[in-house]
1. Six or more apart or on different chains, Cβ under 7 Å: which pairs go from a residue in region B:69-87 that's touching a residue at least 24 places away in the same chain (Cβ under 8 Å) to one that's of a type in the set (Phe, Trp, Tyr)? Could you list them?
2. Restricting attention to region B:154-178, and to residues there that are assigned to a loop (DSSP other than H, G, I, E, B) and under 21 Å from the mean Cα position of the chain (by Cα), which single residue is surrounded by the fewest Cβ atoms within 10 Å (Cβ to Cβ)?
3. Can you find a residue that is in the same structural domain as A:ILE267 (by TED's automatic domain parsing) and closer than 28 Å to A:GLY260 by Cα anywhere in region A:228-239?
4. How many of the residues in region B:76-89 are modelled with pLDDT of 90 or more and not in a helix (DSSP H, G or I)?
5. Can you tell me which residues in region A:226-237 are in contact (Cβ under 8 Å) with a residue 60 or more places away in the chain and either of a type in the set (A, V, I, L, M, F, W, C) or within 14 Å of chain B (Cβ to nearest Cβ) (or both)?
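The values are calculated or read from the model by the stated rules, or taken from the named source; none is laboratory data. Note that the structure is predicted; figures quoted are calculated from it, not measured. Note: ideal-geometry Cβ built from the backbone for every residue, glycine included; neighbour counts use all protein chains shown.
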Amino acid sequence: MIRLHKWKLLAIALITNITILISLAVGEIKTWQQIDWLDIIGEGGVSLLAALWLGFALNSRPNGPVTNLLTLGLGLIFVGTFQDLLDELVAIDKGLFLNSGLESTLMPIGLTVLTFGLYHWHKEQLLFTEQRRKREQVFREYRLQDGLTGLGDARFLRQQLSLALRHANSEQQPLALVLLDIDHFDSTNRRFGHAEGDRLLQALTEIILLNLRRTDLLCRYAGDRFAVVLPNTGELMAREITAQLSRAVEHFAYKTAQQGETLYQSISTGICTAEEDNAEAMIERATTRLLHAKDSKANLRVVAA
Amino acid sequence: MKETSHYEIDTACIPAHEFPAALIDLACSRGLHSDKLLRGTGIFMEDVLTGELTLRPAQCFALLGNLRKLLPAADSAFLAGARLYPGNFGPAASALQSSANLLAAIQVIVKYQAILSPLLSPRLEWHCDALFIHWHDACGAGEHIAFLADMMISALVATTKHLAGRTLPWQFYLPGEPDHREQYQVHWGPHLHTGSHQYSMQIARKELEQTWPGAATSVNQIASRQCERRLQQGSAEGFITAFDKYLRNHLPCNPSLETAANEFAISPATLKRKLKKHHTSFQLRFDLVRKEQALFWLTHEQLPLAEIAARLHFHDTRNLRRAFKRWTGMIPSQLLAAH
């Protein structure tokens, strides 16, 4: 990411250089006795931290107006604090603007610009949060995220399902869990390669997300198995939603990256509703039903053949 | 036994385009740069691509270490295993794919283990109406045993499923409680037994001889002959595999470091050094082999404790009980109950 912002970083480095040169031109370097080391450590630390924030912010953001605001704000703060540090090393005439004037103008301007930047970042984040709602609901933990699909993993599922169960119990609401598994996913992997299989999983993630309600949560359990937590949903409603998901997946005409071939998928599902139990028991019951559904599908194929 | 009949942790014996290529491909497909993956392993991508580079097991372990650090996802071992075969294994993969049935396929993997699974060796054990495949260290895998076991079991599950054209009813045994149970459930199947103190898989005898659609007798024979020829030039098993095998076969005469050294035609000091090079020791190997054997006799054959104690040269059953406690943290009655 940080490569995108090399011009911004160069500009800040250039300005910092100019302030060093001007300071050296108008002032005199202090002798060892005149230097106050406590001030050096204090002000140097502030300057270093400002540089670090700038690095983090730029490394995590694409180009755009919000990034420009953040860069400008943090850049001004950095130059201001750096000038403050220079004061400690170079004796500058008290009357000159460079001595204290520069810092006291740069800091407030920088902080104001940064505040604007953060406000817009907040607006932008609200937008993303809405988009990611069905993946994380109201909780975010990047360490529990699956790298391929951006969904929560099995640990995230257990955590969220426990919370949902507790909520459902206290509110006397029903709760359903659906596990779904892509049929013959490994033969797709074998025929078209694992990279294609990975892309298919990403595409199916989007298809499933589009067919869920705002309050539902989709997780990637493991491999080609997904889990959907359906709060305030009874058995009938859960069946209806699962049938919708099945139809959506069956109608999805996935195109391979290489030849543009069309692949159709189907899914097997296991539904279970909350009884007096915990998250682990619910997952287990849904798994049993899912495997049962898979078995009867395989038997059906044998009979049909 | 000849000194040259087994490969060690620093023998250049693993073609980089066979087993290691599966690991490199997985890392690349997950967006890792090959330079980063190969850092510190002494392997260079250009050399791998020539198809003529052979690696030392130690380099493979370094590669595994990098892969696990850079790609800490819970499914890495399962994905690497699922795409291992046919890979680029040449005749060995042909022999595997043209197998007439499950038993023949398993025998190919056991016989040509040095090619198909150079870092972990499978050992077959028959019991009543089932066949067990136990996975053991071949040449000093150390901390990578768990990853390799997950990977090799996934490879066998995926390839036999593909060749049989249906899901096979495997049972799996893991030493402890795994961190990511869901990965095993989805990639292997629902029959997972934890706390079994070993990496094993089990299949019913009746599954073994059902003919597979891809069976091709002459292809299989030719490929097997090619593999034999290759193994005659190199070595067919790892040092640790050979050593464990010696211990297992000589349990009745209570082997020691001296008798083992004698068998391998080296001095006890050299044997000690060799074992240390493979991150293990005589006592560790001896305990491991006795533990596996005792567990099998206890839980599967259901031999009385006195019999097991006599076979393993324990003075009495009390000493054996204490040994069980030391090996597994459980006494025999608890082990039986858990089984």
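1. As it stands, the answer is B:ALA77/B:PHE147, since those pairs meet every condition given.
2. So the first thing to find is which residues in region B:154-178 are assigned to a loop (DSSP other than H, G, I, E, B), and the list is B:165-170, B:174-178.
If we keep only those that are under 21 Å from the mean Cα position of the chain (by Cα) as well, we get B:168-170, B:174-178.
Numbers: B:LEU168: 17, B:PRO169: 13, B:TRP170: 20, B:LEU174: 22, B:PRO175: 16, B:GLY176: 10, B:GLU177: 8, B:PRO178: 15.
Within region B:154-178, the match that is surrounded by the fewest Cβ atoms within 10 Å (Cβ to Cβ) is B:GLU177.
3. Here is the first cut: in region A:228-239, the residues in the same structural domain as A:ILE267 (by TED's automatic domain parsing) are A:228-239.
Filter once more, so that each one left must be closer than 28 Å to A:GLY260 by Cα: none.
Checked against the condition, which is being in the same structural domain as A:ILE267 (by TED's automatic domain parsing) and closer than 28 Å to A:GLY260 by Cα, region A:228-239 yields no hits at all.
4. If we filter region B:76-89 for residues that are modelled with pLDDT of 90 or more, which is where we start, we get B:76-82, B:84-85, B:89.
Those still in the list that are not in a helix (DSSP H, G or I) too: B:84-85, B:89.
Number of matching residues: 3.
5. Scanning region A:226-237 gives A:PHE226, A:ALA227, A:VAL229, A:MET237.
Listed here are the residues, each with its yes/no results for (1) charged (D, E, K, R); (2) surrounded by fewer than 19 Cβ atoms within 10 Å (Cβ to Cβ).
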site	(1), (2)
A:ILE2	no, yes
A:THR16	no, yes
A:SER23	no, no
A:GLU28	yes, yes
A:LEU69	no, no
A:GLY73	no, no
A:PHE78	no, no
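Let's see how each residue does on (1) under 30 Å from the mean Cα position of the chain (by Cα); (2) away from chain B (no Cβ under 14 Å); (3) of a type outside the set (S, T, N, Q):
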position: A:ARG239; (1), (2), (3): no, yes, yes
position: A:ALA253; (1), (2), (3): yes, yes, yes
position: A:GLY260; (1), (2), (3): no, yes, yes
position: A:GLY270; (1), (2), (3): yes, no, yes
position: A:ALA279; (1), (2), (3): yes, no, yes
position: A:THR288; (1), (2), (3): no, no, no
position: A:HIS292; (1), (2), (3): no, no, yes
position: A:LYS297; (1), (2), (3): no, no, yes
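One line per residue, one yes/no per condition, for (1) at pLDDT 90 or above; (2) away from chain A (no Cβ under 14 Å):
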| site | (1), (2) |
| --- | --- |
| B:TYR184 | yes, no |
| B:TRP188 | yes, no |
| B:GLY195 | no, yes |
| B:GLN202 | yes, yes |
| B:LEU208 | yes, yes |
| B:SER218 | yes, yes |
| B:GLN221 | yes, yes |
